Amino acid sequence: MTQHATEANFDGLVGPTHNYAGLSWGNVASKSNVSAVSNPKEAALQGLAKMKALAGRGFVQGILPPHERPHIPTLRKLGFTGSDGEILSQAAKENPVILAAVSSASCMWTANAATVSPSADTHDHRVHFTPANLGAKFHRSIEHEVTGRALKSMFSDEAYFAHHPALPSISQFGDEGAANHTRLCCAYGDPGVELFVYGQQAFDESAPAPKRFPARQTLEASRAIARLHGLSDARAVFAQQNPDAIDAGVFHNDVIAVGNGNVLFYHDMAFLDEAQVLADVQARLKGAELQAVKVSSDEVPLADAVSSYLFNSQLLTQKDGSMLLAVPGECREIESVSRYLDKLVAQGGPIKAVEVFDVKQSMRNGGGPACLRLRVVLTDDELKAMHDGVLMNDALYERLTTWVEGHYRDELSQDDLADPMLLDECRHALDELTGILGLGSIYDFQR
Ligand SMILES: NCCC[C@H](NC(=O)CCC(=O)O)C(=O)O
């Protein structure tokens, strides 16, 4: 029997080491802002403001905590020895790129934290979580262990929640989580269709693949996640991303498409075989007609879609059933996109409202509003069973804002990453945070 369910959004709280290191080849924003001075305090406050605004509108809004950075255990694994301070200065001298990688606050982009399948879709009717191995980039490949701990701490009741370890960390099973996974459905509590979008097939060298930039997600990884989560053929669709789009800087599917309910909002360059994607989804979407909202390259050139992050918006169902598109501020700065958004609302389709959010600090590293959140569809019972200390409300917003103001710097350059004070500040802040959120000891330094 179908149970009433809600979509909860879990945003990554930006960590105290947020910086611009240019670590993501294939992600245009990351490369073009390399070595710019960042403002971690502003970044965290921008994220909190978005969470508060959406919670205030009645959406269920949760938080995923930042990770311990710089990550000393990884530096030790790589052969750096001595005290924490000695390790930092040795790494800064020998290989500053490694130090930058273990200092990245990249876990803030929780769309890449995991793939989540709601209980209405899975064989055992539990919510399934698999943290993404993020094996395409070293700085991201060190996230999945702590992400898994945080998710287990928040969703601990095994009667409702099932947790899998990340897939093998090898490029053939490269997995980037929910950024390449979209669920379409009638009501959230109904069985849905999980659309897995991959960049290339790992074990077939003759299959189409991008030429310039790496495809981070493989078909083999997507199929493994579907198997682990117990999704039948009736619940899963696998589609290849257009390799030309990856070569133009679309490093995840959520830079070119977003879906919610029965609506798929996408650019005409999104898929290798668009007609097949629509037919496969529609064939499995029982009781609802797929509403395809397609944006043509004539209206919004691909380059404008990439620089504005139009599709990295949150598509949310409001109380009255209409949809709200939560877009990054850059969408109003690029003429073709701004014009398109006005037309989108005026034309009277399913998307009735557009709201602009300033997440510029994150955008400079290639993360828009949708990158900053992980969607978890929960029935009323599952929502009751989860740890509610991570759910946003006015009191928690006040507490976290004060916490950020007290612990974060408002300027961080690449040279600052070797400062042992930064490591201390980060650990103190996170120790307090796990107390505020009631998460227990999830960090290595706490164990
Ligand atoms: N979903 C958005 C992810 C953005 C992320 N950027 C980064 O890691 C940039 C970090 C830096 O360059 O400092 C990435 O490319 O995976």
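The values are calculated or read from the model by the stated rules, or taken from the named source; none is laboratory data. Predicted model, so just to flag it, every value in this text is computed and none were measured. All Cβ positions, glycine included, derive from the backbone under ideal geometry; neighbour counts span all protein chains shown.
Scan the stretch 149-172 for residues that are closer than 18 Å to VAL377 by Cβ and among the hydrophobic types (A, V, I, L, M, F, W, C) and jot them down.
Those that are closer than 18 Å to VAL377 by Cβ and among the hydrophobic types (A, V, I, L, M, F, W, C): LEU151, MET154, PHE155, ALA159, PHE161, ALA162.
Kindly indicate whether SER32 is within 13 Å of the ligand (Cβ to nearest atom) and without any contact (Cβ under 8 Å) to a residue 12 or more places away in the chain. Even if it seems obvious, please write down each step before you answer.
Working: within 13 Å of the ligand (Cβ to nearest atom): yes; without any contact (Cβ under 8 Å) to a residue 12 or more places away in the chain: yes.
So SER32 fits the description; yes.
Pairs only if they're at least six apart or on different chains, beta carbon under 8 angstrom, first in the stretch 59-86 and closer than 28 Å to THR110 by Cα, second at pLDDT below 95 and in a strand (DSSP E or B); list them, first residue then second.
none
Which one of these does ALA279 not meet: (1) in contact (Cβ under 8 Å) with a residue 12 or more places away in the chain; (2) more than 16 Å from the ligand (Cβ to nearest atom); (3) on the phi < 0 side of the Ramachandran plot?
All conditions are met except number (1).
Among the residues of the stretch 219-249, write down those that are within 16 Å of the ligand (Cβ to nearest atom), farther than 25 Å from PRO350 by Cα and under 18 Å from the mean Cα position of the chain (by Cα).
Filtering the stretch 219-249 down to residues within 16 Å of the ligand (Cβ to nearest atom) leaves 221, 241, 245-249.
Now restrict to residues that are farther than 25 Å from PRO350 by Cα: 221, 245-249.
If the condition is that a residue be within 16 Å of the ligand (Cβ to nearest atom), farther than 25 Å from PRO350 by Cα and under 18 Å from the mean Cα position of the chain (by Cα), then ALA221, ILE246, GLY249 are the ones that fit.
Go over the candidates ARG69, ARG76 one by one and state the one that is more than 17 Å from PHE357 (Cβ to Cβ), touching a helix residue (DSSP H, G or I) at 6+ places or on another chain (Cβ under 9 Å), away from the ligand (no atom under 13 Å from the Cβ) and among the basic types (Lys, Arg).
Working: ARG69 fails: away from the ligand (no atom under 13 Å from the Cβ).
None of the others qualify; the one that does is ARG76.
Is there any pair linking a residue in the stretch 235-257 that is among the basic types (Lys, Arg) to one that is part of a loop (DSSP other than H, G, I, E, B) and at pLDDT 95 or above, with Cβ under 8 Å and at least six apart or on different chains, and which?
Short answer, once both residue conditions are applied: ARG235/ASP121; ARG235/PRO191; ARG235/GLY192.
Suppose we filter GLY85, GLY62, GLY58 for residues that are more than 26 Å from ARG375 (Cα to Cα) and either part of a helix (DSSP H, G or I) or more than 16 Å from the ligand (Cβ to nearest atom) (or both); which single one remains?
GLY85
Only residues that are part of a loop (DSSP other than H, G, I, E, B) and either within 21 Å of VAL337 (Cα to Cα) or charged (D, E, K, R) (or both): list them for the stretch 277-296, please. So that I can check it myself, show each step before the final result.
Residues of the stretch 277-296 part of a loop (DSSP other than H, G, I, E, B): 285-290, 296.
If the condition is that a residue be part of a loop (DSSP other than H, G, I, E, B) and either within 21 Å of VAL337 (Cα to Cα) or charged (D, E, K, R) (or both), then LYS286, GLU289, SER296 are the ones that fit.
To keep it simple, each residue is scored yes or no on (1) of a type outside the set (Phe, Trp, Tyr); (2) more than 13 Å from the ligand (Cβ to nearest atom); (3) buried (at least 23 other Cβ atoms within 10 Å of the Cβ); (4) closer than 25 Å to CYS331 by Cβ.
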{"residue": "VAL376", "(1), (2), (3), (4)": "yes, yes, yes, no"}
{"residue": "ASP388", "(1), (2), (3), (4)": "yes, yes, no, no"}
{"residue": "GLU405", "(1), (2), (3), (4)": "yes, yes, no, no"}
{"residue": "LEU417", "(1), (2), (3), (4)": "yes, no, yes, no"}
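Which is within 13 Å of the ligand (Cβ to nearest atom) and either more than 17 Å from LEU372 (Cβ to Cβ) or touching a Cys at 6+ places or on another chain (Cβ under 8 Å) (or both), of ASN112, ASN95?
On the way: ASN95 fails: within 13 Å of the ligand (Cβ to nearest atom).
So the residue among ASN112, ASN95 that is within 13 Å of the ligand (Cβ to nearest atom) and either more than 17 Å from LEU372 (Cβ to Cβ) or touching a Cys at 6+ places or on another chain (Cβ under 8 Å) (or both) is ASN112.
Out of PRO214, PRO168, I need the residue that is surrounded by fewer than 20 Cβ atoms within 10 Å (Cβ to Cβ) and in contact (Cβ under 8 Å) with a residue 60 or more places away in the chain. Which one?
Numbers: PRO168 fails: in contact (Cβ under 8 Å) with a residue 60 or more places away in the chain.
Unique residue meeting the criteria: PRO214.
If I filter the stretch 120-141 down to residues being small (Gly, Ala, Ser) and closer than 26 Å to MET386 by Cα, which single residue comes out as surrounded by the fewest Cβ atoms within 10 Å (Cβ to Cβ)? Before the answer, list the steps.
At the first step, the residues of the stretch 120-141 found to be small (Gly, Ala, Ser) are 120, 132, 135-136, 141.
From the residues that got through so far, the ones that are closer than 26 Å to MET386 by Cα too are 120, 132.
Numbers: ALA120: 21, ALA132: 30.
Filtering first and then ranking leaves ALA120.
Checking the condition more than 16 Å from the ligand (Cβ to nearest atom) and surrounded by fewer than 20 Cβ atoms within 10 Å (Cβ to Cβ), which residue from ALA159, ALA150 passes?
Working: ALA150 fails: surrounded by fewer than 20 Cβ atoms within 10 Å (Cβ to Cβ).
ALA159 is the lone residue from the list that is more than 16 Å from the ligand (Cβ to nearest atom) and surrounded by fewer than 20 Cβ atoms within 10 Å (Cβ to Cβ).
Any idea how many residues of the stretch 9-29 are aromatic (Phe, Trp, Tyr) and either more than 7 Å from the ligand (Cβ to nearest atom) or part of a helix (DSSP H, G or I) (or both)? Can you show your working first?
Step one: of the stretch 9-29, the residues aromatic (Phe, Trp, Tyr) are 10, 20, 25.
Still in the running and either more than 7 Å from the ligand (Cβ to nearest atom) or part of a helix (DSSP H, G or I) (or both): 10, 25.
Here the count works out to 2.
Could you go through the stretch 145-162 and let me know if any residue there is acidic (Asp, Glu), closer than 22 Å to HIS229 by Cβ and in a helix (DSSP H, G or I).
Step one: filter the stretch 145-162 for residues acidic (Asp, Glu), giving 145, 157-158.
Of the ones still in play, those that are also closer than 22 Å to HIS229 by Cβ are 145, 157-158.
Those left that are additionally in a helix (DSSP H, G or I): 145.
Yes, the stretch 145-162 has at least one match.
So TRP25 clears everything in (1) farther than 23 Å from ASP175 by Cβ; (2) surrounded by fewer than 18 Cβ atoms within 10 Å (Cβ to Cβ); (3) among the hydrophobic types (A, V, I, L, M, F, W, C) except one condition, right? Which one?
(1)
Within the stretch 194-204, is even one residue surrounded by fewer than 20 Cβ atoms within 10 Å (Cβ to Cβ), among the hydrophobic types (A, V, I, L, M, F, W, C) and in contact with a Gly (Cβ under 6 Å, 6 or more places away or on another chain)?
no
Could you tell me whether GLY174 is in contact with a Lys or Arg (Cβ under 8 Å, 6 or more places away or on another chain) and within 14 Å of the ligand (Cβ to nearest atom)?
Judged against the criteria, GLY174 is a match.
Among (1) more than 13 Å from the ligand (Cβ to nearest atom); (2) among the small types (Gly, Ala, Ser); (3) touching a His at 6+ places or on another chain (Cβ under 9 Å), where does SER38 come up short?
(1)
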